[in-house]
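Here the structure is laid out as structure tokens; the discussion comes afterwards.
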């Protein structure tokens, strides 16, 4: 274990050396100094620097783990659709280095604590509507969030929270959910549209990041990622009303047939969220048990409550209720 840690640190140091050599030797940004901007649950790292009175962000994405090509391609599509995504000023794709515009440090997670909470949510919902209106055709060029992909994601929950359950038994008990989610109409899906991937820009509008994993998936997926956020509490009645409003907006812009009634749309919202939240519980346990990152466990009770809400109003999901009862959910402490 010690040798492995040393290897990882050495790789990180080598990447930093290569990043600095590239910035100082092959770009316009001379004489700059990097400071850590953020790290996330993936292999990516972010740094910030100042040059000629402006702030920039450098993304370091190991190409064998987090290739840059989807970020560049999907970012171009989103920018053309009017979505605020970072501009790319310099790139060395083969190394996984990008210099991006800086949206600042004010994430939605912090901004939502202020008095403009409802307005900020309305702005974020508008971005999802824009995805689904202007990028509907482009979505056919993306990977499909199909049954096989769902099964792979849900297996994370089995591996880390139900280690004694066989994969065959688990598949048989989750197949109903997988099939139901697969029947939801598909469109452009950011796939991780939550408060930590939205930044409040100087213009008071949301800047969207971490979109490189976009897929063609359920029309309710991004909405549930936002409203039943893993990191933010929202009142259940407020969420349900937002879902109803969203359905009406989709119908008005022609992205949803009027024949889809409120109850059916709310069920789509519930099911897409259930699949997502089981995956997230598994990922947060993996971060603790495998990667030594326990901080994410404090959000598991919130996510588990979402799961219980959905199971409570969808009694046909009794097999999944039994799975939750058997799962080894770690305490945040």
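The values are calculated or read from the model by the stated rules, or taken from the named source; none is laboratory data. Here the structure is a predicted model, which is why all the values come from computation and not from measurement. Here the Cβ is made from the backbone with ideal geometry for all residues, glycine too, and neighbour counts use every protein chain on show.
Miscellaneous remarks
- Among the strands (runs of 3 or more DSSP E) confined to the stretch 15-77, the ones with at least 1 residues that are under 14 Å from residue 212 (Cβ atoms) and in contact (Cβ under 8 Å) with a residue 24 or more places away in the chain are located at 54-60.
- Selection from the stretch 202-212 of residues that are over 16 Å from residue 130 (Cα atoms) and within 19 Å of the chain's Cα centre (by Cα): 210, 212
- Residue satisfying condition, being loosely packed, with under 15 Cβ neighbours inside 10 Å, closer than 30 Å to residue 326 by Cβ and free of Cβ contacts under 8 Å to residues at least 60 places away in the same chain, within set 168, 151: 168
- Count - residues of the stretch 38-64 that are at pLDDT below 90 and surrounded by fewer than 17 Cβ atoms within 10 Å (Cβ to Cβ): 6
- Selected residue (only one of 188, 157, 193 is assigned to a strand (DSSP E or B) and in contact with a helix residue (DSSP H, G or I) (Cβ under 9 Å, 6 or more places away or on another chain)): 188
- All told, residue 163 meets the bar of being touching a residue at least 24 places away in the same chain (Cβ under 8 Å), outside any helix (DSSP H, G or I) and under 30 Å from residue 331 (Cα atoms).
- Meets criteria (touching a strand residue (DSSP E or B) at 6+ places or on another chain (Cβ under 8 Å) and at pLDDT 95 or above) for residue 87: yes
- Count of the stretch 235-261 residues, restricted to those that are in contact with a helix residue (DSSP H, G or I) (Cβ under 6 Å, 6 or more places away or on another chain), in a loop (DSSP other than H, G, I, E, B) and surrounded by 14 or more Cβ atoms within 10 Å (Cβ to Cβ), is 2.
- Among the residues of the stretch 125-140, not a single one is more than 20 Å from the chain's Cα centre (by Cα), more than 26 Å from residue 229 (Cα to Cα) and surrounded by 15 or more Cβ atoms within 10 Å (Cβ to Cβ).
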